[in-house]
Amino acid sequence: MASELGSFLRARRTDPRLRPEQQSLGVRRVSGLRREEVAAAAGISIDYYTRLEQGRETNPSDAVLRAVARVLRLKGDSLEYLFLLRSTTDAAVPSVDDGTDLRRRAEALVAAVRPNPAYVLDRLSNVLAINAEGLALLDGLESEPADARNMCTYLLTHARAREIFVDWEEIARGAVAQLRAANAGNLREARLQELVDQLAAQSPRFAGWWSGHLVGRRRSSTKRLRTNAGEVERQLEILQMPDEGLRMTLWLPASAASA
């Protein structure tokens with residue numbers, strides 16, 4: 001059975017954005033690269049690379065991973081993710097901590113930054129805490145029970161999300177990439193699999209992006225929103241809390257962020 005490492009390599013190898021001419025292989029109509037082309041460019045045997053993709057080899061050396069990453073043009077979050085897949089097991093990450101104390105701390109954080117919209121998400125993108133301004137921004141989320149609110153579900157399945165975010169596709173893709181990055185240590189954990197199955201059944205976009213192994217952590221950026229006052233720019237700030245497996249999303253006025 002293919003491993004997560006093998007599945008990731010195969011998805012990256014067949015990415016249409018990875019063109020043969022980038023490896024001096026000439027121009028042709030093909031989706032990504034062939035196995036033998038990756039192996040040759042990385043300086044490893046086709047048999048060894050095939051075993052990597054098929055899950056029959058799960059512990060390649062650093063040198064092999066870096067050589068393959070160079071050919072597949074993996075950098076930053078994608079490169080880190082590649083190494084995590086090599087070094088973790090299915091039981092590496094504990095279940096999500098939804099304890100009362102953690103929730104209380106999250107609620108204090110989002111209250112402290114009012115009147116700016118803010119919310120705290122766990123590694124499954126469940127909304128652990130959100131202030132009133134955050135609920136006003138994410139119109140429609142308030143109709144969901146507090147313990148069933150999930151940012152990926154909202155972005156991918158709620159019609160209002162497409163109306164609110166001018167850059168909806170970029171934001172939604174980023175949410176899917178963040179979900180994979182945050183769960184690199186245990187992609188087969190039951191709660192994650194349940195969420196993935198639900199989203200894949202409800203959203204073809206999610207199904208395609210998830211099967212494409214998008215990976216990347218949220219970072220600060222400027223986004224455009226549609227409001228009652230018209231289209232506005234807001235600065236999206238992400239505050240990571242790695243020890244708790246949480247992150248806080250804070251929406252600031254673009255002018256305040258650049259001051």
Eigenvalues of the alpha-carbon gyration tensor of the chain, times 5 and square-rooted, give semi-axes in Å, largest first, of 36, 21, 16
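Quick one: compute a quarter of the convex hull surface over the Cα atoms of region 163-259 and quote it in nm².
Working: hull surface 29.6 nm².
Convex hull of Cα atoms, orientation-averaged projection: 7.4 nm².
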If you count only protein heavy atoms and use a 1.4 Å probe, how large is the accessible surface of Tyr48, to the nearest 10 Å²? 50
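Quote the charge dipole size of the chain about the Cα centre in Debye, to the nearest 20; the model charges only the Cβ of Lys and Arg (+1) and of Asp and Glu (-1).
Details: 37 positive and 34 negative charges, 207 e Å.
Using only the charged Cβ atoms, the result is roughly 1000 debye.
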Using a simple spin-label model with points 7 Å from Cα along the Cα→Cβ vector, what separation in nm is obtained for Arg51 and Asp197? 3.3
In degrees between 0 and 90, to the nearest 10, how far off the longest principal axis of the chain does helix 62-72 point, with axes built from Cα atoms? 80
According to a simple spin-label model (label point 7 Å from Cα along Cα-to-Cβ), what is the distance in nm between Glu142 and Thr222? 3.0
Measure nothing fancy, just the Cα-based angle from helix 4-13's long axis to the longest principal axis of the chain, in degrees from 0 to 90, nearest 10. 80
Signed unit charges on C-beta, dipole axis of region 84-222, positive-most listed residue Trp210, Leu195, Ile164: Trp210
Between the residues Tyr49, Ile238, Ala106, the Cα farthest towards the positive end of the dipole of the chain, that dipole coming from +1 and -1 charges on the beta-carbon of Lys, Arg, Asp and Glu, is from Tyr49
Tell me, Kirkwood radius of region 109-183 from alpha-carbon pair distances, in Å? 12.6
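For the chain, what relative contact order do you get, as a whole percent, if you take Cα pairs closer than 8 Å and at least 6 residues apart? Write out the running numbers ahead of the final one.
Values: 379 pairs, mean separation 43.0, N = 259.
17 percent.
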On a 0 to 90° scale, report how tilted helix 168-182 is relative to the longest principal axis of the chain, with both axes built from alpha carbons and the result rounded to the nearest 10. 70
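Roughly speaking, what is the stretch gain from Ala190 to Lys75, that is 0.36 nm per residue apart minus the C-alpha to C-alpha distance, in nm to one decimal?
Numbers: separation 115, 0.36 × 115 = 41.40 nm, distance 2.90 nm.
Additional length available on full extension: 38.5 nm.
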Okay, helix-only estimate at 222 nm for the chain: each DSSP H run of n ≥ 4 adds -39500 (n - 2.57), divide by all residues, round to 500 deg cm²/dmol; what do you get? -13500 deg cm²/dmol
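The values are calculated or read from the model by the stated rules, or taken from the named source; none is laboratory data. Everything numeric here is computed off the predicted structure, so don't read it as measured data. Virtual Cβ from ideal backbone geometry, glycine too; neighbours counted across all protein chains shown. Accessible surface is based on the protein model in full, side chains and every heavy atom, while ligands, DNA and RNA are left aside. Shrake-Rupley method; radii C 1.70, N 1.55, O 1.52, S 1.80 Å.
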